[in-house]
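J.: This is the structure I have questions about; it appears just below.
The values are calculated or read from the model by the stated rules, or taken from the named source; none is laboratory data. Source: prediction; values computed, not measured. Please note: Cβ atoms are built from the backbone with ideal geometry, for glycine as well, and neighbour counts cover all protein chains shown. All accessible areas refer to the heavy atoms of the entire protein, side chains included, with ligands and DNA or RNA removed. Shrake-Rupley method; radii C 1.70, N 1.55, O 1.52, S 1.80 Å.
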Amino acid sequence: MSAAASVGPGRARFDADRMHAAYAVDVVDAGAPGAEAFCRVNMVASLDGAATLGGRSGSLGDHEDQRLLSVLRSHADVVLVGAGTVEAEGYGGAAVVDADAAWRTARGREPQPRFAVVSSRLGLPPRHPFFTDAVARPLVVTSEHAPADRRAALAEVADVIVSGEHRVDLGGALDELAARGMPSVLCEGGPGLYGALAEADLVDETCLTLSPTIVAGDAPRTASSAHEVARRMRLVHAIAGERMLFLRYGRAG
């Protein structure tokens with residue numbers, strides 16, 4: 001457990017500088033040229049393992065969780081998200097708050113990271129707020145099998161990355177992002193995208209906000225896929241907020 005860790009409810013109050021230090025991405029934040037792709041996943045879950053409440057993950061969080069989300073995005077070049085999550089969570093607009101935009105600018109980065117949506121069918125129309133409200137040009141990650149007319153339409157409002165023939169090759173997509181100077185990727189789900197990354201062994205870190213809520217019902221888990229995998233992770237830190245517990249895990253080695 002790192003020096004940033006704390007235990008006990010209410011002992012930690014949100015300190016942006018402290019959280020930036022606690023969630024630093026060593027190689028990527030150092031600005032090393034030619035850095036390989038680094039994929040961090042950020043999710044929230046209830047005490048009984050639910051990834052959503054009322055169909056939305058945001059319903060499980062609070063103001064500290066939202067503030068941490070901005071910090072995590074600040075360390076990313078790209079925020080990767082599935083098309084279904086874009087619709088359910090209402091993505092659109094700026095990725096980080098003004099204070100974190102200034103934090104990025106002070107380190108020679110663009111004020112806002114770019115959003116990227118993963119979609120095989122390309123069902124999001126160009127007029128969706130994900131595209132129209134974007135403050136940095138978004139990206140679309142899809143496969144060769146995606147409808148050509150939809151690809152052409154989205155290419156007017158986003159940079160389109162084609163990776164994979166019949167289904168999206170996520171590993172190839174991450175490599176392409178790194179080749180374009182965007183090695184640090186923060187994935188915000190949903191469960192299908194997280195599960196696909198886990199199946200392909202592409203998850204370098206998982207950040208989990210544990211919400212003090214019991215949901216029951218049939219809500220999904222944070223990751224889902226057709227096949228089970230066992231990707232062993234190690235605890236980097238556990239930071240107690242006012243209500244939430246913020247967990248960071250890295251590859252076990």
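J.: Starting from segment 119-143, take each residue that is on the phi < 0 side of the Ramachandran plot and list its partners that are aromatic (Phe, Trp, Tyr), counting only C-beta distances under 7 angstrom and pairs at least six apart or across chains.
T.: Listed pairs, sorted by first residue: Leu124/Phe130; Phe130/Tyr91; Phe130/Phe115; Ala134/Phe115; Pro138/Phe115; Pro138/Phe130; Pro138/Phe131.
J.: Within segment 106-122, identify whether any single residue is assigned to a helix (DSSP H, G or I), modelled with pLDDT of 95 or more and touching a helix residue (DSSP H, G or I) at 6+ places or on another chain (Cβ under 7 Å), and answer yes or no.
T.: No, that holds for no residue.
J.: Keeping to segment 125-139, report how many residues are of a type in the set (A, V, I, L, M, F, W, C) and in contact with a helix residue (DSSP H, G or I) (Cβ under 6 Å, 6 or more places away or on another chain).
T.: Residues flagged as of a type in the set (A, V, I, L, M, F, W, C) and in contact with a helix residue (DSSP H, G or I) (Cβ under 6 Å, 6 or more places away or on another chain) within segment 125-139 amount to 1.
J.: So Asp204 fits all but one of (1) of a type in the set (Asp, Glu); (2) modelled with pLDDT of 95 or more; (3) open to solvent by 40 Å² or more (accessible area, probe 1.4 Å); what number is the exception?
T.: So Asp204 meets the others, but not (3).
J.: Another question, if that's okay. Which ones in segment 56-99 are outside any loop (DSSP other than H, G, I, E, B) and acidic (Asp, Glu)?
T.: Result: Glu64, Asp65, Glu87, Glu89, Asp98.
J.: Another question, then. I'm trying to understand the selection: among the residues of segment 160-180, which are open to solvent by 50 Å² or more (accessible area, probe 1.4 Å), closer than 21 Å to Arg73 by Cβ and not basic (Lys, Arg)?
T.: Residue satisfying the conditions is Glu176 alone.
J.: If Ala155 meets every condition in (1) under 21 Å from the mean Cα position of the chain (by Cα); (2) modelled with pLDDT of 95 or more apart from one, which number is that one?
T.: The single condition Ala155 does not satisfy is (1).
J.: Considering only segment 232-251, how many residues are open to solvent by 60 Å² or more (accessible area, probe 1.4 Å), part of a strand (DSSP E or B) and either closer than 16 Å to Leu47 by Cα or in contact with a His (Cβ under 6 Å, 6 or more places away or on another chain) (or both)?
T.: Total satisfying the criteria: 0.
J.: Write out, first by first residue and then by second, each pair whose Cβ atoms fall under 7 Å of each other, whose residues are 6+ apart or on separate chains, and whose first residue, in segment 68-83, is closer than 15 Å to Asp15 by Cα while the second is of a type in the set (Gly, Ala, Ser) and surrounded by fewer than 22 Cβ atoms within 10 Å (Cβ to Cβ).
T.: Here the result reads Val71/Ala16, each pair linking segment 68-83 to a residue that is of a type in the set (Gly, Ala, Ser) and surrounded by fewer than 22 Cβ atoms within 10 Å (Cβ to Cβ).
J.: Just for segment 207-231: of the residues that are in contact with a strand residue (DSSP E or B) (Cβ under 7 Å, 6 or more places away or on another chain) and β-branched (Val, Ile, Thr), which one is most open to solvent (accessible area, probe 1.4 Å)?
T.: By that ranking, first place goes to Ile214.
J.: So is Ala102 assigned to a helix (DSSP H, G or I), over 20 Å from Arg137 (Cβ atoms) and free of Cβ contacts under 8 Å to residues at least 40 places away in the same chain or not?
T.: When the stated conditions are applied, Ala102 passes them.
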